[in-house]
Amino acid sequence: MTLLHTLIAFFVALGTLVVVHELGHYLVARWCGVKVLRFSVGMGRVIWSRRFGRDQTEWALSILPLGGYVKMLDAREQDLQDISEANLKREFTRQSVWRRIAIVAAGPIANFLLAILLFAGLYMHGVPEPVPVLRAAATQSVAHQSGLRAGDRITAINGAPVHVWSEVRWKLMQLVLEKADARLDVERPNPNGSGKLLNTVSLPLGSIAADDLEGDFLAKLGLSLARPPAVLGKIMDGPAKTAGLQTGDRITAIDGAPVQDGLAFVETVRESAGKPLTLEAVRGNAPFTVRVTPESVEEEGSGKRIGRIKVEVPLAPEMATVSDDLFTALAKGARRTWDTSVMSIKMIGKMVIGQVSLKNITGPITIADYAGQTARVGLVSYLSFLAFISISLGVMNLLPIPVLDGGHLLYYALEILTGRPVSERFGEIAQRAGLGILMALMLVAAFNDIVRLMFQG
């Protein structure tokens, strides 16, 4: 069922993005007076079609589900000898260069508009996310050496307010690509217990390379979310119950070493299979000490032996839900779409000059995997994924590769500069080169997908 759900989530996402992209071309073509012959979802042989409208446009499903197209009346593709004079005026190449630019650009623009609307809907709905309160960092980490401490709450980065952890990650990712350092405004708990202390910390990002952005680069800086104290939840039959531990007990130390939080407690227990541990704890206001030996069990998937004492420990960080009104949400959606597009272009540029690995190029297998994962998490995650993929599709189609929309826009830009269309010979050579580039990118994406699949397996 997991495979089926993944495939359904993938094809729903792909179908939505293709339809929106091609609708952009279709609607602007109609608005410009160009006759549309076929609107196809999918490529290759048509397996189902119906004709509608004044022009009897053919709406079709084609056999290959990856992509789609809008076929217009075009002298480069059809014999126009039997076409009426009225329809000849609606032929694509007879339109002004600005109309052709509008028709070609409408597809990627439609993808950007979809992303803006999806982000705006998510911002209006409100999404529960972790607040950026920090966990204690290792003393040798960049975060600790910069002056960040446990309990610090990040409120702004380089003057831009942040409210949730994802915004912190996003802004720091942008700064890494820009090769700039971060200035963090933080609220720090007052040692005397009253109010908060405001502080500004300079966080150098030079240790993070663009390739590191694919993984958890925040952890490399020493930044991680604060977790609740090690307070025990439900006690099951096992070592914890045998040792006399009870729900509500707070673990303060293990073998004399202080326990930072619930996550540190769980990690220590996992690493101590079959090893007796001395736990210092507090029940109510009364401290006590017990000895417990985690049983050794095999971890699912890895085959590794880990320790367990059969007790639940809450680990969820502090959460916040931020929701906006319509106009604020639209503005934030537009800004997020713009920022994501710019960052995507920067990543592509760094790949071209070799500063970012080509392993960041992903294909349909990885996209399908992410579609399935986000769909299983929930609708909010799936729609967020859909927005990011829509932006990626828009950016990719604007690349100046001849077989893509961006290549055609490049032709039209040359036509504006030179005062005449590019020659057919130039167009043929460019098409072949563009197809070669696109095939090479597809092979790289397929290779990366297979490597990821093998590694995960």
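The values are calculated or read from the model by the stated rules, or taken from the named source; none is laboratory data. As the structure is a prediction and not an experimental result, all values here were calculated from the model. Cβ: placed from backbone, ideal geometry, glycine included. Neighbour counts: every protein chain shown. Accessible surface areas use protein heavy atoms only, side chains included; no ligands, DNA or RNA. Shrake-Rupley method; radii C 1.70, N 1.55, O 1.52, S 1.80 Å.
Here are the numbers:
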{"read-out": "Charge dipole magnitude, Cβ of K and R +1, D and E -1 - region 347-426, Cα centre, debye nearest 20", "value": "180"}
{"read-out": "Taking region 16-146 and dividing mean pair separation by its residue count, relative contact order in percent (alpha carbons under 8 Å, at least six apart)", "value": "26"}
{"read-out": "Within straight-line cross-link reach of Lys310, lysines at Cα separation under 28 Å, skipping those fewer than 8 residues along the same chain", "value": "Lys234, Lys241, Lys275"}
{"read-out": "Aspartates and glutamates with Cα under 15 Å of Lys196, excluding same-chain neighbours fewer than 8 positions away", "value": "Asp152, Asp185, Glu187"}
{"read-out": "Dipole axis of region 303-449 (+1 Lys, Arg; -1 Asp, Glu on Cβ), positive-most option in Ala331, Val444, Phe388", "value": "Val444"}
{"read-out": "Spatially proximal lysines relative to Lys35 (Cα-Cα < 24 Å; intrachain offsets below 8 disregarded)", "value": "Lys71, Lys89"}
{"read-out": "Three-way shape label, region 235-373, alpha-carbon gyration tensor, a/c 1.5", "value": "prolate"}
{"read-out": "Radius of gyration and Dmax over the Cα atoms of the chain, both given in Å", "value": "28.2, 96"}
{"read-out": "Antiparallel DSSP beta bridges within region 19-105, percent to nearest 5", "value": "75"}
{"read-out": "Share of pairwise Cα separations in region 329-457, more than 27 Å, in percent", "value": "32"}
{"read-out": "Helix-only [θ]222 nm of the chain, DSSP H runs n ≥ 4, -39500 (n - 2.57) each, per residue, nearest 500", "value": "-15000 deg cm²/dmol"}
{"read-out": "Surface share of carbon and sulfur [accessible, 1.4 angstrom probe, percent] for the chain", "value": "61"}
{"read-out": "Members of Lys179/Lys220; Lys179/Lys350; Lys332/Lys359; Lys304/Lys359 lying beyond 24 Å, as alpha-carbon distances in this model show", "value": "Lys332/Lys359; Lys304/Lys359"}
{"read-out": "Relative contact order of region 175-309, pairs being alpha-carbon contacts under 8 Å that are 6 or more residues apart, as %", "value": "16"}
{"read-out": "Dipole magnitude (debye, nearest 20) for the chain, charges at Cβ of Lys, Arg, Asp, Glu", "value": "380"}
{"read-out": "The chain: angle of helix 379-397 to the longest principal axis, Cα-based, in degrees nearest 10", "value": "40"}
{"read-out": "Top positive-direction residue, dipole computed over the chain with Cβ charges, set Met347, Pro228, Ala105", "value": "Ala105"}
{"read-out": "Over region 1-78: Rg over Rh, Cα atoms, Kirkwood Rh", "value": "1.05"}
{"read-out": "Euclidean distance of C-alpha centroids, region 247-264 and region 11-69, integer Å", "value": "61"}
{"read-out": "Helix axis angle, 2-31 relative to the chain longest principal axis, alpha carbon, degrees", "value": "40"}
{"read-out": "Whole-number Å³ per residue for the convex hull built on Cα positions in region 124-217", "value": "123"}
{"read-out": "Whole-number percent relative contact order across the chain, with pairs defined as alpha carbons under 8 Å at least 6 apart", "value": "16"}
{"read-out": "Rh by Kirkwood over Cα pairs, then Stokes-Einstein D for region 46-191 at 0.692 mPa s and 37 °C, µm²/s", "value": "154"}
{"read-out": "Region 196-306 - convex hull of alpha carbons, volume per residue in Å³", "value": "169"}
{"read-out": "Antiparallel %, DSSP beta bridges [both residues in region 39-78], to 5", "value": "75"}
{"read-out": "D (Stokes-Einstein, µm²/s), Kirkwood Cα radius, region 27-126, 0.890 mPa s at 25 °C", "value": "160"}
{"read-out": "Length added when fully stretched, Asp79-Lys220, from 0.36 nm per residue minus Cα-Cα", "value": "44.6 nm"}
{"read-out": "Residue-normalised accessible area of region 224-368, given per residue in Å² at a 1.4 Å probe", "value": "56"}
{"read-out": "Hydrodynamic radius (Kirkwood) for region 189-231, which is based on Cα pairs only, to one decimal in Å", "value": "13.6"}
{"read-out": "For region 1-115, with +1 on Lys and Arg beta carbons and -1 on Asp and Glu, the positive-most of Cys32, Ile83, Gly15 along the dipole", "value": "Cys32"}
{"read-out": "Helix 165-177 vs. the chain, principal-axis angle (Cα, 0 to 90°, nearest 10)", "value": "60"}
{"read-out": "Chain lengthening between Ile63 and Leu326 when straightened (0.36 nm per residue, less Cα-Cα)", "value": "90.7 nm"}
{"read-out": "P(r) of region 136-275 over all Cα-Cα pairs, binned every 10 Å from zero, in whole percent", "value": "10, 34, 27, 20, 8, 1"}
